[in-house]
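Below is one structure; the comments refer to it alone.
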Amino acid sequence: MVNGEMVDKNAIEQFMTGADETPAPELPISPLVGEMSGRTEGGAVPPASPTDAETVEAEIDEADCRVHRLRTPLRRSGERIDRIRLCPVGLGDIDDWSAGTLSNRDLLVRMAGVSAATLKALRWDDAEAVMSLFQQMVPEFVLAAPKDDA
């Protein structure tokens with residue numbers, strides 16, 4: 001329930017996974033009768049559209065992240081790790097997860113910004129606390145889906 005209204009979880013899942021997208025209608029290639037295309041006479045070239053190759057990153061506010069102070073700190077290459085910070089999941093991460101190219105553990109690695117080896121080195125009480133934060137922060141359908149690595 002959001003703002004007193006029931007939320008259709010299927011609609012949210014469809015939006016998050018792109019299942020609600022309908023293909024854009026195909027526009028005719030030729031100009032209207034009596035018109036010339038802009039490029040035939042060296043006219044304006046439409047602006048380039050962003051590509052998938054460009055790097056775009058969210059500016060995540062620290063208040064949106066959740067931090068667990070480790071009860072048993074770790075050392076990685078001589079560097080002390082005394083906390084794990086989970087930041088909100090991105091739509092691209094959910095797309096990758098939905099496509100099956102990202103496991104729940106990989107999703108956790110992305111959210112934490114640490115290696116899988118670092119997460120595997122956590123003692124059980126710390127791992128349990130980090131997993132609790134993960135479960136609070138990911139969409140419900142991620143947790144409900146049968147995965148072998150949750």
Among the residues in the stretch 91-98, are any under 22 Å from residue 56 (Cβ atoms), touching a residue at least 40 places away in the same chain (Cβ under 8 Å) and in contact with a Cys (Cβ under 9 Å, 6 or more places away or on another chain)?
no
Set 98, 103, 115: member being at pLDDT below 95, polar (S, T, N, Q) and touching a strand residue (DSSP E or B) at 6+ places or on another chain (Cβ under 9 Å)
115
Among the residues of the stretch 118-135, count how many are of a type in the set (D, E, K, R) and crowded, with 16+ Cβ neighbours inside 10 Å.
1
Restricting the search to the stretch 136-150, which residues are open to solvent by 70 Å² or more (accessible area, probe 1.4 Å) and closer than 22 Å to residue 60 by Cα?
136, 140
Going by the conditions given, is residue 126 closer than 24 Å to residue 55 by Cβ and out of contact with any Cys (no Cβ under 7 Å at 6 or more places or on another chain)?
no
If I ask for residues that are in a loop (DSSP other than H, G, I, E, B) and either surrounded by 15 or more Cβ atoms within 10 Å (Cβ to Cβ) or aliphatic (A, V, I, L, M) (or both), which ones from the stretch 95-117 would you list?
99, 102, 103, 114
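The values are calculated or read from the model by the stated rules, or taken from the named source; none is laboratory data. On a predicted model such as this, the values are computed, not experimentally measured, just so you know. In this analysis, Cβ positions are derived from the backbone assuming ideal geometry, glycine residues included, and neighbour counts consider all displayed protein chains. Calculation scope for accessible area: heavy atoms of the full protein, side chains included, ligands and nucleic acids excluded. Shrake-Rupley method; radii C 1.70, N 1.55, O 1.52, S 1.80 Å.
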